[in-house]
Structures are given as structure tokens and as C-alpha cells.
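Q: Please find one structure pasted underneath; my questions will follow.
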Amino acid sequence: MEHHARLGSTNDEARSRALAGDPGRVWIVASEQTAGRGRQGRAWSSPAGNLYASAMIIDPCETAIAPQIGFVAGVALRRAVDDLGHADVALKWPNDLVSNGAKLAGLLIEGFLTPQRRLAVIAGFGVNLANSPAGLSYPTTDLGQLLAQPIAPGVLLDRLVSRFDEALTIWDKGQSFADIREAWLASAAGLGGPVRVSGPRGDREGVFSGIDPQGRLLLRSGDRIEPIESADLTLISSPLRAADAPLPADLPKAFPHDR
């Protein structure tokens, strides 16, 4: 693990290390980021007091299933937050952690081939601990507010490192993605409720009916289920799924080869 007082982006630093031949299994952590970013190049506010960390792994799996690591990371982060005593959080597809509809954290998963033709995957975590950005188009929150006590970045990082290793072991290079998928769905925000997806094909509404074995969101409209590869998701109602709510009954029928 390497800690920096300030970096442009922990993901960018991890990428540089991978391209330079770093063997991986390294965490890059920064107290502040000057060029933090999220999905689709969106700026990520990165003042001191929050957690900014990226895990870089070399050859974690076959290239085709590398996107599964986003769900591995999400499950790990959710469990790490739970370890600190706050269970009222949910995973919002594809890469957010929310509490009662307010964004608490974001994940940025990036993969590429190194000059040695090895697959490098970077899992970037940005977690609001001491403050959360204002003036955005969606509500935000921070863990300090939720727990009503200060949370130091190192305290959450310690749990996250352990939980990420644990989730990677369960995932087993994709051999047990079904177990990760089940854990992710158990904490999914909005599952079974109305949602809106916004992407290259415009906006569409339907019912969030789970994720398929590839991690694609399943959008139900009438009797039709459409797999969504990439989009922004808006929860129209019921922002936090009850922990004991049943999974959609027809998922096993739609995907008989998934255990």
C-alpha cells in the first residue's frame, strides 16, 4: 500500500504503475485528489477527509469477465461499511453505494492491457466520510452523518482491504460469480421497483428485475425483459430495497444455467 498526501487521481497513478510493469496487488491511496473522476469522465470532488483509494490487480481473470470485478468491489465496500456499524446502505447499479437514495460512494473500474499483454484491472473507491459535494443533480450524504461520529479514512480503508480480499477469494476469478451476484442482489437499491435508464438509446422506464450472469441490468417492460449493458440508473421510487424482500421469482427461469 502506498499513501500520498495529494494525487491527481489514484486510478491514474495505479494505471501508470501497471504500464511500468508493477506486478499488481497494490493499493494507491490519497488524502486528496486534484483530478478525481467517475464514470464517463465525470469530475469527482475530492477534498481532504474522504477516502480515495484504488486497488490494482494484474491478470485477475479472463478479459471477457473482468467487468464482474465491479460487483466484487461493490459487495466488498458494502460489507466494509457494515463493519463500522451502519447497515442502512444499498448498492445502486452499476457502481454506487447509497443511503435512502443519497449517494455515499462511487466505484470506477478500469481495465486495459499492459505492454506485456497482461490484463490490468483497477478498482477505484471514492467514499464520502467527512463531507459530501453539494449542488449536484442528485442528493449526497457522508458516513460521518450517517453514523453521527467522525470516520477516519484509514479506519474504513482497513476494513475495505480485508473485505476486498475476501470477496476476490469468494469470486475465485469468476468461477463463483453467482455467489457475488447473489450477495450484490441482496443489497440492491430499487430491486423490484420502477426505474429509469438513460443511455445512448435515450430514456426508458420499467421495473428493475435484477442482474443477469454477465452483470447487465434487467429492465422489465410488460412481458419483455431487456438486458442493459451500460446506462445511468434513476430510482423512481423505493430507493432502498428491504433486506428481506424476495428476489424476482422468474430470474431462475430466465437464466436456467445460473446457479
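Rule-based calculations on the coordinates, nothing more; no lab input. Only a predicted model underlies this, so the values are computations on that prediction, with no experimental measurement involved. With ideal geometry, Cβ positions are generated from the backbone for all residues, glycine too; neighbour counts draw on all protein chains shown.
Q: Which one, Val72, Pro94, Val161, is farthest towards the positive end of the dipole of the chain when Lys and Arg carry +1 and Asp and Glu -1 on their Cβ?
A: Sorting the options by dipole projection puts first Pro94.
Q: Please give, to one decimal in nm, the separation of the simple spin-label points placed at Ser137 and Phe112, each 7 Å out from Cα toward the Cβ.
A: The two pseudo-label positions are separated by 2.7 nm.
Q: Starting from the Cα-Cα distance between Asp22 and Glu166, subtract it from 0.36 nm times their residue separation and give me the gain in nm to one decimal.
A: Values: separation 144, 0.36 × 144 = 51.84 nm, distance 2.24 nm.
Going from the current span to full extension adds 49.6 nm.
Q: Give the Rg (one decimal place) followed by the Dmax (whole number) of region 11-118, computed from C-alpha coordinates and expressed in Å.
A: Just the Cα atoms of region 11-118 yield Rg and Dmax of 14.6, 45 Å.
Q: Moving to a separate point now. Calculate the all-directions average of the projected area of region 146-231's alpha-carbon convex hull, and give it in nm².
A: Details: hull surface 31.8 nm².
Approximately 7.9 nm², given one-decimal rounding.
Q: Quick one: Karplus J couplings for region 21-36, per residue in order, coefficients 6.51, -1.76, 1.60, θ = phi - 60°, nearest Hz, x for Gly and Pro?
A: Running phi through 6.51 cos²θ - 1.76 cosθ + 1.60 with θ = phi - 60° gives x, 4, x, x, 6, 10, 9, 10, 10, 9, 6, 9, 10, 9, 9, x Hz.
Q: Rounding to the nearest 20 debye, state how big the charge dipole of the chain is about its Cα centre with +1 on each Lys and Arg Cβ and -1 on each Asp and Glu Cβ.
A: Using Cβ point charges on Lys, Arg, Asp and Glu, the chain gives about 420 debye.
Q: Let me ask something additional. Take every Cα-Cα pair in the chain and report what % of them are more than 28 Å apart.
A: Of all Cα-Cα pairs in the chain, 31 percent lie more than 28 Å apart.
Q: For the residues Thr63, Thr140, what sequence is obtained by ranking on other C-beta atoms within 10 Å, fewest first?
A: Fewest to most other Cβ atoms nearby, the residues stand as Thr63, Thr140.
Q: In addition: To the nearest 0.05, what FRET efficiency results for Arg201 and Met1 with a Förster distance of 45 Å applied to their C-beta separation?
A: Efficiency at R0 = 45 Å is approximately 0.60.
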